[in-house]
Structures are given as structure tokens and as C-alpha cells.
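So the structure is just underneath, and the comments pick up after that.
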Amino acid sequence: MSFTPVGTTDTLETFRTRYNATSITLVDDSSTSVDITLATDSLKISGGTGIASAISGDVITLSASDASTSAKGIASFHSDNFAVSSGAVTIKDGGIIRAEIAADAIDGTKLADNAVNSEHYTDGSIDTDHIGDDQVTAAKLANTSVTAASYGSGSAIPVITVDAQGRITGVTTAAASSDLTISDTSSTTETFTLGSETLKFAGGTGVTSAISSGTVTYSFDGTSYTTFVYTATSGQTSFSGADGNGNTLAYSNGKRLVFLNGVLLDESDITASNGTSVVLSSGALVSDILTIQAFAVNVISTLDANGSEFVLDADGDTSITADTDDQIDIKIAGADDFVFTADKFMAAASSGILLTKTAAASDEATSAGALTSNNYNISHTLTLDGTLADDAVLADFVVTSDKCLATSAVYGVSSLKCHVEIHTVAAGSFKVSITNKSGGTLANDSTMVLNYTIL
């Protein structure tokens, strides 16, 4: 602001006029300027955002408003969180507590490496996605109740208990059986020990066995059966005589298999029992191939057991053996009861020979005591006709039997105290004489039992 001084010769009016025309130039921080004429313009001092102006007398007061979340203003810094020095504001160490940090506001980029230790983890805060592969070592695993050891052996099988998390919580062992029981067609069983005994698959007559890669194969030697092949005509049912190779059909009943086009026929589909023909229940188609396998039947004419025991029953305690030269031993129920030698048949002291007898009867009154019974052992009931005094001899009577030879030895005994004499042995008969030795008289019509054995 400038104005021309008033001369001494100027009037007051002249001074007023000059002063009122004087202007003031105002310039802001952005160099924007404005001229204000003192006589005609007013200068307004206005507060900006957060600042209010007030004039009282010749005093202008500028006041700043308190800051808020929506308006600028004057703010103070809480001494718990901030430090102010020479106008510089800093955040104190520990000046920001957890309650003043928004949830999920801090991510991994705001954390220094290794800045979080285990005491700050909460249960369940680390899942499998945040564990690197191969990062959990045995040292980090808690011990279970299982003792570290090797379990199981050739005779023991490990029994393992696992919980829902897949952890092994118990291990025991169970005994492993090394016995294998096998059975044949007749249900005879035998048990052998795996690992120490060998199971042999043997062939029989005309059959050989071979084992390879765990498979046992049985093969016929070609002489144990004969194959007959016929080519059928349309509707043909009966097949017999020479086959396509000129071989005449022959088989033993029940010892044959019949195939039609390679399929084994059921017994209900065929009639094959006469040994020379096979009849189909339904006619074959033209060019069907009927194959008959007739198995050989071996008749043993001479068997050299060479002293081996021939076991007869299922439990193995009844047998025939000839391990002593010129002697046959018969064992029954585990005991050697009977022995044959070249000239005798012997029974053990605890055994006996029971001869089965055929009962027959005669009456002295009607047949003079004679009877006929074609058996080796005869039990004869004789009825007396009249009394027989002591030492008296009954008249001879004839016993007829086709088992009696002229060279036979015949033995007879009585149920009463009588002497029985066998005499006049001939082909087909022998005579009997009886002497009363009872010491008394045998009454009329009394009976006695006479037992005869013809050898």
C-alpha cells in the first residue's frame, strides 16, 4: 500500500480524497493476488476447513476445530501410543495393541521371516496344507503304546490294531499252523507238516503225473484206455462196430466216457451198458463227432506183496500179512488172532473158532434117527423111541450130506453124557452109534443134541 503525502498547503479534504483512493494488494500461497481499495472495498478474513474466524474490536481471532472421523481439525496424540518431539510424531514401541488391529489385516507379507514362534500357535491353526512334504520326521512323532520290534515269524502271524487315524496302537502275534490235512475219495485223512514233509502226487496204473509252475498234470499212457471215433449221419442214435479208424467198439460197463463234438455227455443222455454199442437219447446231426473212451480193466492174476501188510479196513487195524516165511498172520482189531501154516490153522489163546451149524431134527420112531443135511456143520436134535439104559447102545442111524467125502474126517459130540462114534464114512453119508454113559436110563421121547463137523 502507498499514497502521496499531503503537502502543507493541501486541505484535509484533499488528504481524504487521496487516502480513499489508495489500494492494498493481497497475494496467497499460490501467488494469486487481489487489490483492495481502502475507501470502497472490505477485506474479509475467512477460516478454511476446520478453522473459524472471529473479530472483536480491533482483534481478529482464528480458531481451529477439533478433528473428527469426517472433518479435518486439530487432533491430539494419545501418549500410550505416540511420542511427539519438536513437532515430529512417532509410534511408540508396543504402541499398537492387538485390540487396535483389524481382523485379517496382517498377512504374510507384513511378517518378518521366523517372526512367529510355536507359543503363538493355537490348536488347529496349522493344517496339512501348511506342512511341507517330508517335513515331519520320526523325532516329531509321539510314541505310541507299541514297543519297537519285529513281529511275526515262520510260526507266528502278526495281529495289528489300527485306530481311526491310521496309527498302530497294538501288535501281538497268533500261532500259525504248519499242518495240512488232506482227504481222499473215501474220506481217509492224513496230516503232514508244511516245510518239513513233501506231498507227492503219484500216478496209478496207466497214469503219470508231472508238476510245473505249481500245476500238477496227470497223463494217460495211451494203453489205459482206447478211443473210438464215429462220424454221425443225420438222426443217427446207435453207434457200434468199427469206428472211422477201423477199431471195433468194446468197453466194460461203467468204464467209458462218451463225448459228442467234444462235450462229455451225461449218463441220462446215453444208453451204454452192453459193452458193444452206445445209443443216444436224441439223434445226432449229420457230421457230428461221437467219441468213446473205453478204459482198460486190469485183472491181477499174480500179486507179489513181498511180505507187505495188506490192510483191509478203514481204520487200519485189520490186515493180512506174510512177513514170516510160509506163514500167514491175520490181524483183527489190532491183535494177531489167527495163523495159517503149511499144515495147520491156529487161533490165539484169547480167540476161538466158532463153527456155524445148521439145525436139523429126526425122530427114532419115524426114521430110525436118520436125517439129511447138506452142510459141513450140523446140529442134530434126536428124539428117542423108547428108553435107553445105562451103557446101552442105540441102533446105528445114517446121516446123509453131500459135503461128506469118502476121505472126510467127521467128528460128533452129544449134549448128554453119551459116547458118540462116527463110522462107515462114505461119499455122501456116515453112520452114528450112541452109547449111554449117563449112569442112568434115558427116558422115552427124551431128546439129545448131536453136533457133527465134516472136514
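What follows draws every value from the coordinates through simple rules; no lab data is involved. Bear in mind the structure is a predicted one, so any value in this text is a computation, not a measurement. With ideal geometry, Cβ positions are generated from the backbone for all residues, glycine too; neighbour counts draw on all protein chains shown.
Provide, as a two-decimal number, the C-alpha radius of gyration of the chain over 2.2 N^0.38 Å, N being how many residues it has.
3.00
Rg and Dmax of region 180-219 over Cα atoms: what are they, in angstrom?
Values for region 180-219 (Cα only, Rg and Dmax): 11.9, 31 Å.
Determine how many Å³ per residue the convex hull of the Cα atoms of region 277-378 encloses.
Details: hull volume 32.3 nm³, N = 102.
Residue-normalised Cα hull volume stands at 317 Å³.
Within region 358-454, what percent of beta bridges assigned by DSSP are antiparallel, to the nearest 5? Working shown, then result.
On the way: 26 of 34 bridges.
Percentage antiparallel, nearest 5: 75.
Can you tell me what percent of all Cα-Cα pairs in region 374-455 are more than 16 Å apart?
More than 16 Å apart: 48 percent of the Cα pairs in region 374-455.
Could you name the lysines whose alpha carbon sits less than 21 Å from that of K92, not counting residues in the same chain fewer than 8 places away?
Once the sequence-local lysines are set aside, what remains near K92 is K110.
Which net charge results for the neighbourhood of A426, defined as the other residues with beta-carbon distances under 14 angstrom from its beta-carbon, given Lys and Arg at +1 and Asp and Glu at -1? Don't skip to the answer; put the middle values down first.
Numbers: positive: K403, K431; negative: D396, D402.
Net of charged neighbours comes to 0.
Mind ordering 54-60, 436-442 by average Cβ neighbours within 10 Å, highest first?
Values: 54-60: 7.9, 436-442: 14.7.
Taking the mean over residues of other Cβ atoms within 10 Å, the ranking is 436-442, 54-60.
Pull up all non-local amide H partners of I36: gap of 5 or more, or a different chain, and H-to-H distance under 5 Å with H placed in the peptide plane.
Amide H to amide H, under 5 Å and 5 or more residues apart or across chains, I36 pairs with I24, T25, L26.
Considering just Cα atoms, how many Å³ per residue does the convex hull of region 92-218 enclose?
About 259 Å³ per residue, rounded to a whole number.
Can you pull the semi-axes for region 351-391, root of five times each eigenvalue of the Cα gyration tensor, sorted largest first, whole Å?
That gives 25, 15, 6 Å for the three semi-axes.
What is the set of long-range amide H partners of C418 at a cut-off below 5 Å, with H atoms built 1.01 Å from backbone N?
K437
List the lysines whose alpha-carbon lies under 22 Å from that of K431, not counting same-chain residues fewer than 8 positions away?
The qualifying lysines are K357, K403, K417.
Can you list the HN-Hα couplings for region 103-116, worked out from phi with the Karplus curve (6.51, -1.76, 1.60; θ = phi - 60°), rounded to whole Hz and with x for Gly and Pro?
Result, ordered by residue: 4, 6, 7, 10, 10, x, 5, 9, 10, 6, 4, 6, 7, 10 Hz.
In square nanometres, what is the average projected area of the Cα convex hull of region 222-295?
Result: 4.4 nm².
First obtain the Kirkwood hydrodynamic radius of region 331-404 from its Cα pairs, then insert it into the Stokes-Einstein equation at 20 °C and 1.002 mPa s, and state the resulting D in µm² per second as a whole number.
Stokes-Einstein gives a translational diffusion coefficient of 137 µm²/s.
Rounded to a whole number of µm²/s, how large is the Stokes-Einstein D of region 141-181 at 20 °C and 1.002 mPa s, given Rh as the Kirkwood radius over C-alpha pairs? Before the final figure, lay out the partial values.
Details: Rh = 11.8 Å.
The estimated diffusion coefficient comes to 182 µm²/s.
For region 152-165, what does the Karplus curve 6.51 cos²θ - 1.76 cosθ + 1.60, with θ = phi - 60°, yield as ³J(HN,Hα) per residue in whole Hz, taken in order and with x for Gly and Pro?
So the Karplus estimates, Gly and Pro as x, are x, 7, x, 10, 9, 9, x, 10, 10, 9, 10, 8, 5, 8 Hz.
May I ask you to sort E364, E100 by Cβ crowding, counting other Cβ atoms within 10 Å and putting the fewest first?
By the 10 Å Cβ count, ascending: E100, E364.
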